[in-house]
1. Could you calculate the contour length gain from Asp59 to Asp241, that is, 0.36 nm times the residue separation minus the distance between their Cα atoms, to one decimal place in nm?
2. Once you have a ≥ b ≥ c as the square roots of the Cα gyration tensor eigenvalues for segment 91-136, tell me rounded if a/c is under 1.5, and otherwise prolate or oblate according to whether a/b is larger than b/c.
3. Is the C-alpha gyration tensor of segment 155-194 telling us rounded, prolate or oblate? Criteria: a/c under 1.5 is rounded; beyond that, a/b larger than b/c is prolate, otherwise oblate.
4. With both partners inside the chain, how many of the DSSP beta bridges are antiparallel, as a percent to the nearest 5?
5. How many Å³ per residue does the convex hull of the Cα positions in segment 29-169 occupy?
6. Could you pull out the pairs from Lys32/Lys210; Lys49/Lys242; Lys189/Lys242 whose alpha carbons sit more than 31 Å apart here?
7. Shape verdict for the chain, please, from the Cα gyration tensor: rounded (a/c under 1.5), prolate (a/b greater than b/c) or oblate.
8. What is the helix-to-structure angle for 160-173, meaning the angle in degrees between its Cα long axis and the longest Cα principal axis of the chain, kept from 0 to 90 and rounded to the nearest 10?
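What follows is calculated from the coordinates using simple rules that are stated; it is not laboratory data. Predicted, not measured: the structure shown is a model, and the values here were computed from it. Neighbour counts are summed over all protein chains in view; Cβ atoms, including those assigned to glycine, are modelled from backbone coordinates with ideal geometry.
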Amino acid sequence: MHDYQLVDGDTTVYRDGSIKLHTAAGFEGMRKAGRLAAEILDACVELVKPGVTTGSIDDAIRGMMLDAGAVPATLGYRGYAHSSCISINHVICHGIPGDKVLKDGDILNIDVTPLVDGWHGDTSRMFYAGEPPLKARKLVEVTYECLMLGIQAAKPGARLGDIGAAIEAHANQFRYGVVREFCGHGLGKLFHDAPEVVHAARPGTGPELKPGMFFTIEPMINLGKPWAKVLGDGWTAVTRDKSLSAQFEHSIAITETGNEIFTKSPTGRDCPPYV
Ligand code: MF3
Ligand code: CO
Ligand code: CO
């Protein structure tokens with residue numbers, strides 16, 4: 001490890017001023033934060049139904065985090081005032097919870113990041129309010145497949161671009177658009193750190209993946225064109241063509257043998273339908 005610079009006693013080494021390599025303490029911290037994040041999304045399954053407001057779901061999420069001794073990392077992050085992002089239908093990401101009422105047939109993403117003992121567990125899943133149409137459910141299923149194919153490509157010796165290449169290749173088969181404006185990211189003690197994980201890339205490009213790297217993969221896939229725009233509130237990102245958009249996110253580590261997913265559902269509810 002002679003070419004790595006130690007930046008944080010028991011948790012972290014730093015390579016070439018860019019991507020951090022974490023050690024056992026970091027893995028322990030991320031397991032705990034990731035598990036809580038996944039349990040909170042598990043609990044959201046019972047909360048999502050037609051007639052409820054996104055604000056009420058956000059309130060419940062904040063309550064679950066505080067009860068568990070965690071803090072919502074999004075609360076106060078760059079002026080964001082909520083404990084989750086809830087993105088419905090053509091909203092790509094960063095939907096702001098509020099008075100909006102879920103209606104039958106909506107698809108929505110809930111994205112949570114509890115900060116637990118200094119570590120960030122960042123994860124999101126799609127949910128169905130009532131029964132969405134087949135084309136919406138297909139988009140959701142393929143988006144989950146994109147995430148898992150991206151994770152399969154994340155292993156020591158591979159390149160960062162192999163992840164986006166796997167995601168893009170799968171989305172292309174269905175003529176879906178892969179959003180470029182928002183990326184996955186390194187995380188750990190920081191919420192957003194290097195590297196930037198793009199979800200459409202050329203294979204064999206970018207930095208080599210090494211054990212101890214922590215980052216999210218969080219593909220946003222549109223039923224139509226990939227183009228995004230941010231609304232006047234400064235947060236809500238929507239598809240320019242108003243087509244539906246879906247997203248799933250896991251926080252993972254590169255390990256000696258492949259990867260470890262910190263945010264897997266302990267009850268197997270990683271992708272709808274949640275029966
Ligand atoms: N959880 C989001 C992510 O996946 C970030 C949300 S930042 C917020 O990176 F301020 F919008 F909440
Ligand atoms: Co993230
Ligand atoms: Co997130």
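1. Gain on extension, Asp59 to Asp241, equals 62.4 nm.
2. Prolate, since a/c reaches 1.5 and a/b exceeds b/c.
3. Since a/c reaches 1.5 but b/c is at least a/b, the shape of segment 155-194 is classed as oblate.
4. So the antiparallel bridges in the chain amount to around 100 percent.
5. Each residue corresponds to 121 Å³ of Cα convex hull volume.
6. The pairs that break the limit, which is 31 Å between Cα atoms, are Lys189/Lys242.
7. oblate
8. The helix 160-173 is inclined about 30 degrees to the chain.
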